[in-house]
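Let me begin by presenting the structure, written as structure tokens, before commenting on it.
The values are calculated or read from the model by the stated rules, or taken from the named source; none is laboratory data. All of these numbers come straight from a predicted model, not from anything done at the bench. Because the Cβ atoms are built from the backbone with ideal geometry, glycine has one as well, and the counts that use them run over all protein chains shown. Areas reflect the complete protein model, heavy atoms only, side chains present, ligands, DNA and RNA absent. Shrake-Rupley method; radii C 1.70, N 1.55, O 1.52, S 1.80 Å.
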Amino acid sequence: MSKRKLSRQQQWRVDKVQAERASRAEKRDVRDAEKLAAGEYGAEQPGRVMAHFGRTLEVRNAEGAPVRCHLRANLEGMVTGDRVIWRAGQEGSGVVVAREERDTVLKRPDARGQLKPVAANIDQILIVFAVEPAPHPNLIDRYLVAAEATDIAPVLVLNKTDLLPEDGGELGKLLERYRALGYPVVRTTTADEAGLDALRAQLEGRTSVFVGQSGVGKSSLIDLLLPDESLRIGALSEDSRKGTHTTTTARLYTMNRDEVTDGELIDSPGIREFGLIHLTEQDVTDGFIEFRPFLGHCRFRDCRHREEPGCALLEAVETGKIHPERFASYRRILDSLDA
Ligand SMILES: Nc1nc2c(ncn2[C@@H]2O[C@H](COP(=O)(O)OP(=O)(O)OP(=O)(O)O)[C@@H](O)[C@H]2O)c(=O)[nH]1
Ligand SMILES: [Mg+2]
Ligand SMILES: [Zn+2]
């Protein structure tokens with residue numbers, strides 16, 4: 001009895017908070033509408049979302065300058081990289097009134113497993129990993145599967161090569177394996193220019209999002225590529241070896257050369273694990289690109305590539321056409337989908 005009463009009271013409180021929120025949004029909308037009608041906002045113009053903080057956005061105007069904008073209450077879910085229509089208000093701020101169609105969007109599951117957009121209108125995903133903190137065994141495969149499922153081209157970047165042993169170590173070998181599969185790979189270190197030049201060449205003329213574990217050096221690399229910007233970089237402490245989540249929100253930067261835009265870079269917060277629970281078994285299979293020539297050649301049409309006789313994938317592993325570690329990684333990802 002008392003329990004029910006309490007929950008009714010809780011419900012009432014939740015309703016009240018929601019009603020207040022809606023009424024605030026409504027008031028703001030009415031205010032916007034009045035201002036728009038009164039001509040207090042300028043003409044519609046295109047812009048690009050550089051970063052967002054709740055319902056406040058930083059929009060880049062046509063001249064490349066940042067404008068702080070708020071969002072009309074009927075608009076939701078803007079992300080860094082979105083192309084928008086906005087109108088200038090007084091005092092240098094503005095209001096975003098519409099979002100244009102997205103060419104591409106990178107999504108990832110949040111802590112509760114809900115799929116959330118991270119960045120929009122991007123051409124390539126830079127999967128950054130490092131000698132320290134060392135990648136979990138199948139982290140790179142998980143990123144690649146996620147990238148293949150979005151149709152945005154992935155690029156592998158091994159950073160902190162200054163910490164590699166002379167012979168390149170296990171990670172050096174691993175990287176070559178991915179190069180052999182056809183993925184572009186770049187080795188970098190903030191300690192010298194050679195790798196940065198290769199990275200710059202890979203970024204030119206494209207919009208790229210940097211993803212990867214916290215502490216691998218995403219912000220450090222972008223900071224070096226953009227002499228005019230200064231990014232927050234993780235402290236060099238014992239703790240930062242584990243990654244400290246220094247970057248907290250995705251932000252778009254413009255790479256210029258001779259005053260001409262020559263590529264766009266999006267820094268993103270590091271993540272512990274790239275969950276793939278939003279993908280189907282088929283998506284995961286398709287995400288292993290070297291499996292493709294063998295798919296459809298198993299004896300059984302519904303082969304799940306476990307122990308079935310006449311499985312073309314298992315045969316390819318036997319004959320060395322598919323690397324056994326990649327296949328083991330595939331199995332592990334499938335098992336994690338069931339969990
Ligand atoms: N030795 C070495 N250290 C590096 C290199 N690149 C970055 N670091 C260091 O790695 C640490 C983490 O760098 P960040 O750039 O903050 O890493 P991040 O990937 O942006 O991390 P989050 O923002 O938390 O996702 C800092 O202490 C950097 O100085 C490198 O090439 N070599
Ligand atoms: Mg960072
Ligand atoms: Zn099979």
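As a test of reading the structure, rank 317, 14, 67 by solvent-accessible area (1.4 Å probe, protein chains only), most first.
14, 317, 67
Between residue 27 and residue 136, how many nm apart are label points set 7 Å from Cα along the C-beta direction?
Placing both labels 7 Å beyond Cα along the Cβ direction yields 4.6 nm.
What's the angle, to the nearest 10 degrees (0 to 90), between helix 169-180's Cα axis and the longest principal axis of the chain?
80
Could you check how much of the accessible area of the range 42-101 is carbon and sulfur, as a whole percent, using a 1.4 Å probe?
Result for the range 42-101: 48 percent of the exposed heavy-atom area is carbon or sulfur.
Any idea what the alpha-carbon Rg over 2.2 N^0.38 Å comes to for the range 195-339?
For the range 195-339, the normalised Cα radius of gyration comes out at 1.41.
Which residue fluctuates the most in the chain, going by a Gaussian network model with Cα springs under 10 Å, if the choices are 288, 274, 53?
Looking only at 288, 274, 53, the largest GNM fluctuation is found for 53.
Calculate the tail of P(r) for the chain: the fraction of all Cα-Cα distances greater than 25 Å, expressed in %.
61
Rank-order 201-207, 75-81 by packing density, defined as the average count of other C-beta atoms within 10 Å over each peptide's residues, highest first. Write down the numbers at each step before the final one.
Numbers: 201-207: 15.9, 75-81: 18.4.
Put in order of decreasing packing, that is 75-81, 201-207.
How much length is gained if the chain between residue 249 and residue 9 is pulled fully straight, taking 0.36 nm per residue apart and subtracting their Cα-Cα distance, in nm to one decimal?
On the way: separation 240, 0.36 × 240 = 86.40 nm, distance 3.60 nm.
Length difference between fully extended and current span is 82.8 nm.
Please give, to one decimal in nm, the separation of the simple spin-label points placed at residue 301 and residue 235, each 7 Å out from Cα toward the Cβ.
6.2
For a label point 7 angstrom out from the Cα of residue 335 toward its Cβ, which stretches of the range 128-155 have the backbone nitrogen within less than 20 Å?
135-146
Could you state the accessible area per residue of the chain in Å², with a 1.4 Å probe and every protein chain left in place? Don't skip to the end; give the middle numbers.
Values: 18620 Å² over 339 residues.
I get 55 Å² per residue for this part.
Using a/c under 1.5 as the rounded threshold, could you call the range 296-339 rounded, prolate or oblate? The axes a ≥ b ≥ c are square roots of the C-alpha gyration tensor eigenvalues, and prolate needs a/b larger than b/c, oblate otherwise.
It comes out oblate by the Cα gyration axes.
Could I have the simple spin-label model distance between residue 257 and residue 19, label points 7 Å from Cα toward Cβ, reported in nm to one decimal?
In this crude spin-label approximation the distance works out to 6.1 nm.
Using a 1.4 Å probe on the protein heavy atoms, what percent of the accessible area of the range 186-339 belongs to carbon and sulfur?
So the carbon and sulfur contribution to the accessible surface is 47 percent.
Place a point 7 Å from Cα of residue 40 in the direction of its Cβ. Which residues in the range 77-91 have their backbone N less than 19 Å from it?
86-91
At q = 0.13, 0.18 Å⁻¹, work out log10 I(q)/I(0) for the range 42-101 with the Debye formula, treating every Cα as an identical point scatterer and leaving solvent out; two decimals please.
Rounded to two decimals, the profile gives -0.24, -0.48.
Only helical DSSP H runs with n ≥ 4 go in: add -39500 (n - 2.57) per run for the chain, normalise by residue count and round the 222 nm mean residue ellipticity to 500 deg cm²/dmol. The partial results should precede the final answer.
Details: 8 runs with 108 residues, N = 339.
Computed mean residue ellipticity for the chain: -10000 deg cm²/dmol.
Would you mind getting me the FRET efficiency between residue 56 and residue 116? Use the beta-carbon distance for r and R0 = 22 Å, nearest 0.05.
Values: r = 18 Å, r/R0 = 0.81.
Calculated transfer efficiency: 0.80.
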